[in-house]
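Comments concern the structure below.
The values are calculated or read from the model by the stated rules, or taken from the named source; none is laboratory data. Keep in mind it's a predicted model, so treat the numbers as computed, not measured. Positions of Cβ are generated from backbone atoms using ideal geometry, with glycine treated the same way; all protein chains shown enter the neighbour counts.
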Amino acid sequence: MNAKQYDIVVVGAGVVGCAIAFELSRFNLRVALLDSRSDVGSVTSKANSAILHTGFDATSDTIESALVRKGYQRFHHWSSILGLPIEKVGGLLIAWDEEQLVSLPGIVEKAKKNGVTDLTVESPESVYALEPQLSPGALGGIRIPGESITCTFTAPLAFATTAVRNGVEWLKGTHVHRVHKMDTRHQLQTSRGIVDCRILINAAGLFSDEIDRMLGFDRFTVSPRKGEFVVFDKRARSLLSHIILPVPTKKTKGVLIAPTVYGNVLLGPTADNIQDKSDSSTTVEGLSNLMSKGTRLMPALLKMPITTTYAGLRAATENSDYQLFFEPQASYICVGGVRSTGMSSSLGIAEAVRERLPDFGITLEPKPGWIAHRMSNIAESFERPSQSSERIGLHPEYGRIVCHCEQVSLREIKQACSGPLPATNLDGIRRRTRAMLGRCQGFYCMANIVDICSNNLEMSAESLLGMADPKEKA
Amino acid sequence: MSSATHWDIIVVGGGPAGLSAAMVAAKRPGTRVLVFEREEAAGGIPRHCDHTGWGLRDLRWSYSGPSYARRLTKLAVDAGVHILTDTTVRKVESSGEDRIVHTVSPRGIQSYTASAVILATGCRESTRHSLLLPGKRPLGVFNTGTLQQFVHLKRIVPGTVAVVFGSEHVAFSAVMTLNKAGMKIAAMVEPDGYPHSFLPVSWSFERWYGFRLLLNCRIVNIHGNHRLTGITVEDTTTNRRTDLACDTLIVSGAFKPEITLAVESNLPIDPAADSVLADSFLHTERKGIFACGNVLHGAETGDIAALEGRWAGVQAGRYLDNRLSEPRRVRIECAAPIAWISPGNVIAPILDIPSFLYTMRVTRRIRNATVVARFGGETVWKKRYGTLTPHRRIAVPVHTWTLGADPGRNDMIRLSIEEAA
Ligand SMILES: Cc1cc2nc3c(=O)[nH]c(=O)nc-3n(C[C@H](O)[C@H](O)[C@H](O)COP(=O)(O)OP(=O)(O)OC[C@H]3O[C@@H](n4cnc5c(N)ncnc54)[C@H](O)[C@@H]3O)c2cc1C
Ligand SMILES: Cc1cc2nc3c(=O)[nH]c(=O)nc-3n(C[C@H](O)[C@H](O)[C@H](O)COP(=O)(O)OP(=O)(O)OC[C@H]3O[C@@H](n4cnc5c(N)ncnc54)[C@H](O)[C@@H]3O)c2cc1C
């Protein structure tokens with residue numbers, strides 16, 4: 001079998017790998033983006049708090065703080081071009097006891113060091129004026145105007161779609177088992193044969209330590225830290241306007257309440273160290289902890305119906321910073337241990353990688369004719385296709401609503417089945433359109449959507465339902 | 001207003017309730033009635049509920065679900081009702097004497113006006129997530145309604161071995177659908193210590209279909225990375241955990257009114273039932289907007305929904321005749337363990353209202369219950385019931401109550417249960 005040959009292979013198509021592929025697609029290079037899964041953004045990058053962090057609370061002088069800051073700015077910049085929805089709702093960090101209250105000025109100072117200078121300390125009165133539904137007992141707070149919410153599904157898709165449209169090869173369902181060094185090149189032994197490249201970029205998230213070891217290093221171990229979430233009905237959205245944050249501890253940013261760009265409200269995440277890197281289950285204990293924590297923070301929220309629950313795993317390591325290593329000798333870049341800020345920092349990481357490529361003997365020539373792919377909007381506060389008379393006029397199927405709770409049209413479902421990066425399973429349809437993610441979680445539309453997809457993807461209804469062994473592991 | 005977009009009555013939702021309301025309303029001479037239905041065909045839930053027993057109380061015949069849906073559609077069309085399918089109603093607003101109904105469909109974004117609007121958007125089941133069933137999120141976890149749509153509307157068999165969660169009537173309907181699709185039933189799991197459907201039903205189903213009803217069992221884990229591989233249940237009396245292998249989990253019942261449109265339209269909601277708040281005339285608290293069927297309560301059977309629809313159709317007609325006088329509404333407040341009563345309001349004095357109209361639910365099983373209604377300190381009604389079971393219809397004969405002609409302002413009727421020791 002002839003090996004495929006590339007200048008650069010990015011292992012892992014989470015938001016970080018996708019952002020790197022996006023960045024590299026702008027230059028004349030042969031690049032492949034590779035993942036064991038059949039779709040991008042289907043591991044940690046789909047299950048987070050969806051907050052675009054300013055980096056105000058990052059530990060100063062870390063790689064993380066610099067890259068979150070950079071990533072935040074670049075995300076804002078690219079959002080209007082790629083159609084990434086952002087709502088700058090602002091954060092409100094609450095002090096619930098004296099100890100937390102006295103720590104507030106320190107947080108403002110630290111934010112300044114991190115380049116976030118617009119924080120304001122708020123009195124209890126102004127905290128309640130900003131968030132009247134908050135439980136009584138807040139002693140004060142800090143407002144962080146720049147904290148924003150975005151769509152965690154759209155981000156990796158937007159980056160990867162643009163990358164693929166500009167020539168990056170997407171090697172889906174390709175699991176890396178081993179890496180061999182052959183002269184100056186890497187030979188990746190994968191579930192789909194040999195992939196050959198000059199430079200390997202490790203963006204394998206929870207498995208970044210394993211890839212790092214395949215390259216002969218032994219310097220960090222990923223210990224997954226689970227975060228569970230509860231998402232409340234859209235009726236809860238009017239209860240709050242900010243992302244409501246606790247005072248962070250060393251271990252975690254703590255349980256927050258945040259609006260989502262779909263118009264829901266999210267409560268979470270928990271933080272539990274676990275062993276199994278594939279254990280993304282919610283638990284009896286986790287959910288009941290969240291419910292009681294939520295009741296203490298905002299009782300009215302807990303009276304609202306629950307739309308969904310989920311869990312994500314942070315790629316925590318024994319070190320408190322990102323595991324970013326540039327190894328020109330080994331033709332290898334490691335972007336591991338990107339724990340709890342990776343969506344915010346992704347474009348910052350991508351830029352940092354690009355800036356170092358000349359050290360690896362890569363000449364960066366801009367690619368003529370590069371185009372940014374604009375995503376179809378799935379967020380609530382921007383126009384959706386089925387809200388536009390003009391678009392329905394052109395394509396009547398934009399007016400045929402299939403998912404009633406989230407108002408997703410037939411044409412959007414069909415589009416998710418086609419294009420440069422089509423969905424490969426029902427989760428892919430969910431992430432591209434929001435279908436089946438609303439109040440009824442598919443009660444009304446799932447059978448219909450499976451039927452539509454089996455006619456528009458080369459997949460039977462049975463394999464869409466995970467019954468017949470699908471060709472690749474989803 | 002152009003006649004193409006102005007109607008006397010617009011009905012939202014073409015299920016048993018909406019079709020029945022439309023049919024009755026269209027019999028009023030000269031009344032133009034339009035039904036909006038967001039699916040490709042009218043009929044509602046019975047379209048995919050392929051077993052018999054539909055239509056007993058309204059059409060006095062036992063139909064299969066699909067034939068009941070077709071029959072009601074035909075009756076409405078024969079009465080002169082216009083039905084527009086593939087059309088979603090997004091919002092209903094009021095402007096003076098007109099209701100404005102905002103729709104989207106392949107024809108575009110269009111607004112229609114009507115003198116009266118009847119909401120009949122039905123109900124759905126609770127999801128796995130809203131019930132906080134923990135675990136992974138594999139494929140193969142569906143509600144009964146989705147299972148029925150796969151099997152009866154799409155001819156797709158969505159699994160091989162199923163566990164059914166819940167034991168209301170609909171859980172047994174799920175068993176029938178699973179059986180029809182050739183799927184095996186591994187078990188039925190119920191967190192309470194008794195089945196919520198009738199004992200003879202669960203007893204005979206267990207034997208006939210060969211599965212076990214596991215009482216006092218809750219789901220503590222759902223397994224499978226891609227497709228469901230099994231669940232873990234815990235016996236709450238012994239804390240013993242057992243793994244059940246299955247590739248399908250049917251989450252049944254715990255019905256929720258489909259109030260999305262009502263919420264978007266800012267209609268008052270009854271928080272206890274999470275349903276649209278209406279009165280004895282099925283008039284909501286917004287003038288000219290009526291509601292009927294399971295958007296009022298989750299869930300009554302199809303024939304009750306249809307009878308409610310007829311009642312709403314008649315009342316909407318009286319509204320057009322200006323014969324629905326400014327009502328004196330009295331709210332009925334429920335004390336635990338009563339979950340809710342629907343409709344949530346009563347018109348005083350109580351006139352000629354149908355006996356099926358008021359229904360309530362309890363949150364736990366109660367033996368020898370006596371239900372009491374108090375108004376202004378006085379007991380206005382009291383009735384001994386036998387055993388009350390959650391999720392089961394409890395008819396409340398409000399039509400027999402006597403309420404003074406002039407209920408005091410701001411007062412409400414308090415409904416409570418006295419338990420025999
Ligand atoms: C609970 C929680 C809350 C969070 N909240 C936020 C937030 O609000 N804001 C924010 O910015 N960040 C947040 N994060 C962090 C953010 O989600 C992560 O930092 C980010 O998703 C990491 O992306 P990644 O690309 O590094 O990893 P991943 O998304 O895990 O992607 C790694 C990819 O590598 C692939 N892979 C692994 N091994 C192999 C192999 N051997 N062969 C082929 N492919 C392989 C995997 O299949 C996977 O697709 C949160 C995280 C969690 C868990
Ligand atoms: C899974 C399931 C199984 C059931 N099984 C039985 C059974 O076996 N026997 C029985 O008697 N009862 C059963 N029921 C109860 C059922 O709700 C009633 O029988 C009956 O269907 C209620 O009638 P309805 O008209 O109120 O609502 P539905 O039948 O639900 O009809 C509502 C209609 O409104 C439409 N609609 C909703 N919103 C909009 C909108 N915004 N715009 C346009 N159209 C809209 C819907 O598409 C739907 O067609 C079941 C219910 C469920 C959920």
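Could you please let me know if A:V68 is buried (at least 24 other Cβ atoms within 10 Å of the Cβ), among the hydrophobic types (A, V, I, L, M, F, W, C) and under 30 Å from A:L426 (Cβ atoms)?
Answer is no for this residue.
If I filter segment A:266-282 down to residues being free of Cβ contacts under 8 Å to residues at least 60 places away in the same chain and away from chain B (no Cβ under 14 Å), which single residue comes out as farthest from ligand 1 (Cβ to nearest atom)? Show your work before the answer.
Of segment A:266-282, the ones free of Cβ contacts under 8 Å to residues at least 60 places away in the same chain are A:267, A:270-276, A:278-279, A:281-282.
Among the residues that remain, those that are also away from chain B (no Cβ under 14 Å) are: A:271, A:273, A:275.
Numbers: A:A271: 8, A:N273: 12, A:Q275: 16 Å.
That would be A:Q275.
Please tell me if B:V89 is part of a strand (DSSP E or B) and either more than 14 Å from chain A (Cβ to nearest Cβ) or over 30 Å from A:P396 (Cα atoms) (or both).
Spelling it out, it is not the case that B:V89 is part of a strand (DSSP E or B) and either more than 14 Å from chain A (Cβ to nearest Cβ) or over 30 Å from A:P396 (Cα atoms) (or both).
For segment A:407-429, which positions are within 12 Å of chain B (Cβ to nearest Cβ), free of Cβ contacts under 8 Å to residues at least 60 places away in the same chain and touching a Lys or Arg at 6+ places or on another chain (Cβ under 9 Å)?
Matches in segment A:407-429: A:Q407, A:V408, A:S409, A:L410, A:R411.
When you check A:S49 against the structure, is it more than 25 Å from A:T184 (Cα to Cα), part of a loop (DSSP other than H, G, I, E, B) and hydroxyl-bearing (S, T, Y), yes or no?
Criteria met by A:S49.
Listed residues B:A348, B:A335, B:A339; which is more than 18 Å from the chain's Cα centre (by Cα) and modelled with pLDDT of 95 or more?
Of the residues listed, the single one that is more than 18 Å from the chain's Cα centre (by Cα) and modelled with pLDDT of 95 or more is B:A335.
Within 29 Å of B:W7 (Cα to Cα) and either in contact with a His (Cβ under 6 Å, 6 or more places away or on another chain) or free of Cβ contacts under 8 Å to residues at least 24 places away in the same chain (or both): does that describe B:V77?
yes
Which one is farthest from ligand 2 (Cβ to nearest atom) among residues in segment B:31-55 that are assigned to a loop (DSSP other than H, G, I, E, B) and without any contact (Cβ under 8 Å) to a residue 60 or more places away in the chain?
Only one residue fits best here, namely B:R32.
Filter segment B:127-144 down to residues that are hydroxyl-bearing (S, T, Y) and crowded, with 23+ Cβ neighbours inside 10 Å and give me whichever is nearest to B:G18 (Cα to Cα).
The residue in question is B:T144.
Hey, can you tell me all the residues within segment A:374-402 that are in contact (Cβ under 8 Å) with a residue 60 or more places away in the chain and more than 21 Å from A:C445 (Cα to Cα)?
A:R374, A:M375, A:S381, A:F382
When segment A:221-245 is examined, which residues are found to be under 19 Å from A:N273 (Cβ atoms) and surrounded by fewer than 20 Cβ atoms within 10 Å (Cβ to Cβ)?
A:T221, A:S223
Restricting to segment B:190-207, name every residue that is over 21 Å from B:T237 (Cα atoms) and in contact with a Lys or Arg (Cβ under 9 Å, 6 or more places away or on another chain).
Of everything in segment B:190-207, those that are over 21 Å from B:T237 (Cα atoms) and in contact with a Lys or Arg (Cβ under 9 Å, 6 or more places away or on another chain) turn out to be B:S197, B:F198, B:E206.
Here are the criteria: (1) modelled with pLDDT of 95 or more; (2) within 16 Å of ligand 2 (Cβ to nearest atom); (3) of a type outside the set (G, A, S). Tell me which single one B:D274 does not satisfy.
All conditions pass for B:D274, except number (1).
Among the residues of segment A:392-406, how many are crowded, with 17+ Cβ neighbours inside 10 Å and more than 10 Å from chain B (Cβ to nearest Cβ)?
The qualifying residues number 2.
Consider A:E228 carefully, then state whether it is more than 13 Å from ligand 1 (Cβ to nearest atom) and within 14 Å of chain B (Cβ to nearest Cβ).
no
Could you please tell me which pairs satisfy a Cβ distance under 8 Å, a separation of 6+ or placement on different chains, a first residue in segment A:354-373 that is at pLDDT 95 or above, and a second residue that is of a type in the set (D, E) and surrounded by 15 or more Cβ atoms within 10 Å (Cβ to Cβ)?
Hits for this filter: A:R354/A:E23; A:I362/A:D7.
What number goes with the only condition from (1) within 16 Å of ligand 2 (Cβ to nearest atom); (2) not assigned by TED's automatic domain parsing to the domain that holds B:G53 that B:N345 does not pass?
Every condition holds for B:N345 apart from (1).
Residues that are charged (D, E, K, R) and outside the structural domain of B:A273 (by TED's automatic domain parsing): find the strands (runs of 3 or more DSSP E) completely inside segment B:351-408 holding 2 or more of those.
B:378-384
Where in segment B:156-270 are there strands (runs of 3 or more DSSP E), lying wholly inside it, with at least 1 residues that are within 16 Å of ligand 1 (Cβ to nearest atom), surrounded by fewer than 16 Cβ atoms within 10 Å (Cβ to Cβ) and in the same structural domain as B:G386 (by TED's automatic domain parsing)?
Hits in segment B:156-270: none.
Which of the numbered conditions does B:S275 fail, given that it passes all the others? Conditions: (1) buried (at least 16 other Cβ atoms within 10 Å of the Cβ); (2) in the same structural domain as B:L178 (by TED's automatic domain parsing).
Among (1) buried (at least 16 other Cβ atoms within 10 Å of the Cβ); (2) in the same structural domain as B:L178 (by TED's automatic domain parsing), B:S275 violates only (2).
Working only within segment B:92-111, note down all residues that are away from chain A (no Cβ under 14 Å) and either assigned to a loop (DSSP other than H, G, I, E, B) or closer than 13 Å to A:G399 by Cα (or both).
B:G96, B:E97
Out of the residues in segment A:299-351 that are among the small types (G, A, S) and over 22 Å from the mean Cα position of the chain (by Cα), which is nearest to A:Y262 (Cα to Cα)?
So, considering only residues that are among the small types (G, A, S) and over 22 Å from the mean Cα position of the chain (by Cα), the one nearest to A:Y262 (Cα to Cα) is A:A300.
Looking at B:A316, B:A299, can you tell me which residue is within 16 Å of ligand 2 (Cβ to nearest atom), assigned by TED's automatic domain parsing to the domain that holds B:G15 and under 11 Å from the mean Cα position of the chain (by Cα)?
Answer to the selection: B:A299.
Let me confirm something: among B:A305, B:A312, which residue is out of contact with any Leu (no Cβ under 6 Å at 6 or more places or on another chain) and not charged (D, E, K, R)?
B:A305
Hey, can you tell me all the residues within segment A:83-110 that are over 30 Å from the mean Cα position of the chain (by Cα) and of a type in the set (D, E)?
The answer is A:D97, A:E98, A:E99.
Yes/no matrix, rows are residues, columns are (1) within 14 Å of another protein chain (Cβ to nearest Cβ); (2) away from ligand 2 (no atom under 16 Å from the Cβ); (3) closer than 19 Å to A:G146 by Cβ:
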{"site": "A:L34", "(1), (2), (3)": "no, yes, no"}
{"site": "A:D39", "(1), (2), (3)": "yes, yes, no"}
{"site": "A:V43", "(1), (2), (3)": "yes, yes, no"}
{"site": "A:K46", "(1), (2), (3)": "yes, yes, no"}
{"site": "A:S49", "(1), (2), (3)": "no, yes, yes"}
{"site": "A:A58", "(1), (2), (3)": "no, yes, yes"}
{"site": "A:R69", "(1), (2), (3)": "no, yes, yes"}
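Which is of a type outside the set (G, A, S) and within 30 Å of A:Q415 (Cβ to Cβ), of A:F382, A:F360?
Within the list A:F382, A:F360, the selection yields A:F382.
Scan segment B:112-141 for residues that are part of a strand (DSSP E or B) and of a type outside the set (D, E, K, R) and jot them down. Steps first, answer last, please.
If we filter segment B:112-141 for residues that are part of a strand (DSSP E or B), which is where we start, we get B:112-119, B:123-124, B:135, B:139, B:141.
Correct list: B:Y112, B:T113, B:A114, B:S115, B:A116, B:V117, B:I118, B:L119, B:C123, B:G135, B:L139, B:V141.
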